[in-house]
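Novice: Have a look at the structure that comes next, please.
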Amino acid sequence: MLDLAMLELSCYDVIKSHRQEGVIESKNIDVFTASSDPQILNEIKISGIKEVFKKPFSLDDITGLIEKYRPVG
């Protein structure tokens, strides 16, 4: 889980690093953002991010996310 507006390392830096390592497809990267800019939201979605959550988000949103990606078994 990443915030789009992190201080020293952006979510784009994390994505780029995972892509260079060849592991982006195997990661469940989710981004939280307060942005409503359609261009930014589209860039996030096509970059390998699994989910985009708009702030503010609820505990139910987080719980649902955890359940969605929890390994079975």
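The values are calculated or read from the model by the stated rules, or taken from the named source; none is laboratory data. Remember, it's a predicted structure, so these values are computed and weren't measured experimentally. Ideal geometry is used to build each Cβ from the backbone, glycine not excepted, and the neighbour counts take in all protein chains shown.
Novice: Filter the stretch 24-41 down to the residues that are at pLDDT 85 or above and either among the small types (Gly, Ala, Ser) or exposed (fewer than 11 other Cβ atoms within 10 Å of the Cβ) (or both) and list them by number.
Specialist: Listed by number, the residues that qualify are Ala34, Ser35, Ser36, Asp37, Pro38, Gln39.
Novice: If you don't mind, there's one more thing I want to ask. What pairs come up if the first residue lies in the stretch 40-69 and is farther than 19 Å from Val14 by Cβ, the second is basic (Lys, Arg), and their beta carbons are under 9 Å apart, counting only those six or more places apart or on different chains?
Specialist: Cβ pairs passing all conditions: Lys68/Lys50.
Novice: Sticking with this structure for a sec: Looking at Ile62, Ile49, Ile44, which is the one that is surrounded by 14 or more Cβ atoms within 10 Å (Cβ to Cβ), part of a helix (DSSP H, G or I), in contact with a helix residue (DSSP H, G or I) (Cβ under 8 Å, 6 or more places away or on another chain) and on the phi < 0 side of the Ramachandran plot?
Specialist: Details: Ile62 fails: in contact with a helix residue (DSSP H, G or I) (Cβ under 8 Å, 6 or more places away or on another chain); Ile49 fails: part of a helix (DSSP H, G or I).
Sole residue among the options that is surrounded by 14 or more Cβ atoms within 10 Å (Cβ to Cβ), part of a helix (DSSP H, G or I), in contact with a helix residue (DSSP H, G or I) (Cβ under 8 Å, 6 or more places away or on another chain) and on the phi < 0 side of the Ramachandran plot: Ile44.
Novice: Take the residues of the stretch 2-15 that are in a loop (DSSP other than H, G, I, E, B) and not acidic (Asp, Glu): which is surrounded by the fewest Cβ atoms within 10 Å (Cβ to Cβ)? Walk me through how you get there before you give the answer.
Specialist: Of the stretch 2-15, the ones in a loop (DSSP other than H, G, I, E, B) are 4-10.
Restricting the remaining residues to those that are not acidic (Asp, Glu) gives 4-7, 9-10.
Details: Leu4: 19, Ala5: 13, Met6: 12, Leu7: 6, Leu9: 10, Ser10: 14.
Ranking the qualifying residues of the stretch 2-15, first place goes to Leu7.
Novice: Okay, moving on. Since His18 meets every condition but one in (1) exposed (fewer than 15 other Cβ atoms within 10 Å of the Cβ); (2) outside any loop (DSSP other than H, G, I, E, B); (3) of a type outside the set (Gly, Ala, Ser), which condition does it not meet?
Specialist: The number of the failed condition is (1).
Novice: Would the stretch 28-36 turn up any residue that is among the β-branched types (Val, Ile, Thr) and in a strand (DSSP E or B)? Give the steps one after another, and end with the answer.
Specialist: Within the stretch 28-36, the subset among the β-branched types (Val, Ile, Thr) is 29, 31, 33.
Right, trim to in a strand (DSSP E or B) and you get 31, 33.
Within the stretch 28-36, one or more residues are among the β-branched types (Val, Ile, Thr) and in a strand (DSSP E or B).
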